[in-house]
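Take a look at the structure set out below.
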Amino acid sequence: MNKKTVKDIDVAGKKVLVRVDFNVPLNDKKEITDETRIVAALPTIEYLLGQNAKIILCSHLGRPKGEFNPEFSLAPVAKRLGKLMGRKVTFASDVIGESAKAAVDAVKEGEIVLLENVRFHKEETENDPKFAKKLAAYADIFVNDAFGAAHRAHASTTGVANYIPAVAGLLIGKELDFLGGALDNPQRPFIAILGGAKVSDKIGVIENLINKVDAIILGGGMAYTFLKAKGIEVGKSLVDEERVGLAAGLLKKAEAKNVDIFLPVDTVIADKFDAEAETQAVPVEDITPDWMGLDIGPSTRMLFTDKIRTAKTIIWNGPMGVFEMAPFAEGTKAIAKAMSESDGTTIIGGGDSAAAVKIFGYAGAMTHISTGGGASLEFLEGKELPGVAALEDK
Ligand code: AMP
């Protein structure tokens, strides 16, 4: 990475504002159901503690739309972080108000303050310079470690970098090393597996990856748009009608570049979008007009897992089917299992595929699971992430 990290500057005893990604899922009782993102921020926090820095943490949680809403409070995160670290975390009940000012003024070397949800202010997502300046005034140094928010140009991800020296945290460093390393210097064969529902999200990724990978595997809801582009009738399966032409163009482009694109050869169809639906596995050419494809079929599972077995670098983003419903989870499960058995480099691009490998018990066997769904997709598209661009060059 060509950006300075927290290890490239002197943070000893300094006040450090750390933008972390504590956007964790909460249940109805406001209990954290997945602490991965908190755990992922620990190496940077521990490093700063080791340097006796005064640590001020800042994050968003959910989409509170620019106003205070207790539903999106970071209070449960402060508690969990304190428990994970076995030390006191002072929680400020606002971001730029009295509570935050008092906590920031009082923070001593080796202590941690967590500010309330930065998106309680609309100025955050507007990247308002005055708001960013107020945040920056809390500290001597800014560390961005929120990879999951690095694709957003907000006050706490890019704005503050205009006022104080700004460097990357260790999580951002690790994410970019794995994702960037795979893209720029992959062991071959290098394959990408893309799935999920939205073709629109993945067009840019396919365009960019065609120049980097040896093969692309397409599954999930988005695959039907590509099947349609090949003239196959897909019944009531998900199709992005506006992008059928684009999909055809991408297939041609891949062929011209000698990049294999593997599409499903069979599919699990259902008579309705329901876990109790009637289902059947059929070749893609035989999708019943009134039915919809909700998972890849058994032959496709074999085809795709065979490809995974021969690959040395594999990047996966997006489930192969509606994995949230048991009858349509087998495709996604098979990919997760095959990747877990690979001795190549296996990278999960965050979001639903990260959730799936965790649910199916394969998380521990992956080389890297990204903490940022949107951010990793934009990175795979070849875009520069604003939260990274704003940091000091090495
Ligand atoms: P995305 O946000 O685009 O990555 O899409 C993720 C979602 O795609 C998941 O919630 C899956 O349930 C859904 N999905 C995967 N395959 C299909 C399919 N064949 N039809 C409809 N939805 C699907």
Residue within the stretch 194-214 that is on the phi > 0 side of the Ramachandran plot, of a type outside the set (Ser, Thr, Tyr) and away from the ligand (no atom under 16 Å from the Cβ) present: no
Hits in the stretch 218-235 (condition: near the ligand (Cβ under 10 Å from one of its atoms) and either not assigned by TED's automatic domain parsing to the domain that holds Met320 or not hydrophobic (A, V, I, L, M, F, W, C) (or both)): Gly219, Gly220, Gly221, Tyr224
Is it the case that the stretch 2-12 has a residue that's touching a residue at least 12 places away in the same chain (Cβ under 8 Å), over 19 Å from Ala103 (Cβ atoms) and touching a Gly at 6+ places or on another chain (Cβ under 7 Å)? yes
Residue match in the stretch 262-283 (condition: within 26 Å of Ala375 (Cβ to Cβ), surrounded by fewer than 23 Cβ atoms within 10 Å (Cβ to Cβ) and in contact (Cβ under 8 Å) with a residue 24 or more places away in the chain): no
Among the residues of the stretch 368-386, is any more than 12 Å from the ligand (Cβ to nearest atom), under 23 Å from Ala40 (Cα atoms) and touching a Pro at 6+ places or on another chain (Cβ under 8 Å)? no
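Return yes when Gly293 is over 25 Å from Asp214 (Cα atoms), within 14 Å of the ligand (Cβ to nearest atom) and modelled with pLDDT of 95 or more and no when it is not.
yes
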Residues of the stretch 185-207 that turn out to be in contact (Cβ under 8 Å) with a residue 12 or more places away in the chain and over 18 Å from the mean Cα position of the chain (by Cα), as a count: 7
Evaluate the following for Gly221: is it on the phi > 0 side of the Ramachandran plot and not aliphatic (A, V, I, L, M)? no
Quick test for you: out of Asp21, Asp8, Asp34, pick the one residue that is surrounded by 20 or more Cβ atoms within 10 Å (Cβ to Cβ) and among the acidic types (Asp, Glu). Asp21
Read through the list (1) away from the ligand (no atom under 12 Å from the Cβ); (2) out of contact with any Asp or Glu (no Cβ under 6 Å at 6 or more places or on another chain); (3) outside any loop (DSSP other than H, G, I, E, B), then give the number of the only condition that Thr288 fails. (3)
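Name every residue in the stretch 307-338 that is touching a residue at least 40 places away in the same chain (Cβ under 8 Å), more than 9 Å from the ligand (Cβ to nearest atom) and either of a type in the set (Gly, Ala, Ser) or not in a loop (DSSP other than H, G, I, E, B) (or both), in order of residue number.
Correct list: Lys307, Ile308, Thr310, Ala311, Thr313, Ile314, Ile315, Trp316, Ala326, Pro327, Glu330, Ile335.
The values are calculated or read from the model by the stated rules, or taken from the named source; none is laboratory data. Since the structure is predicted, the reported quantities are computational estimates derived from the model, not experimental observations. Positions of Cβ are generated from backbone atoms using ideal geometry, with glycine treated the same way; all protein chains shown enter the neighbour counts.
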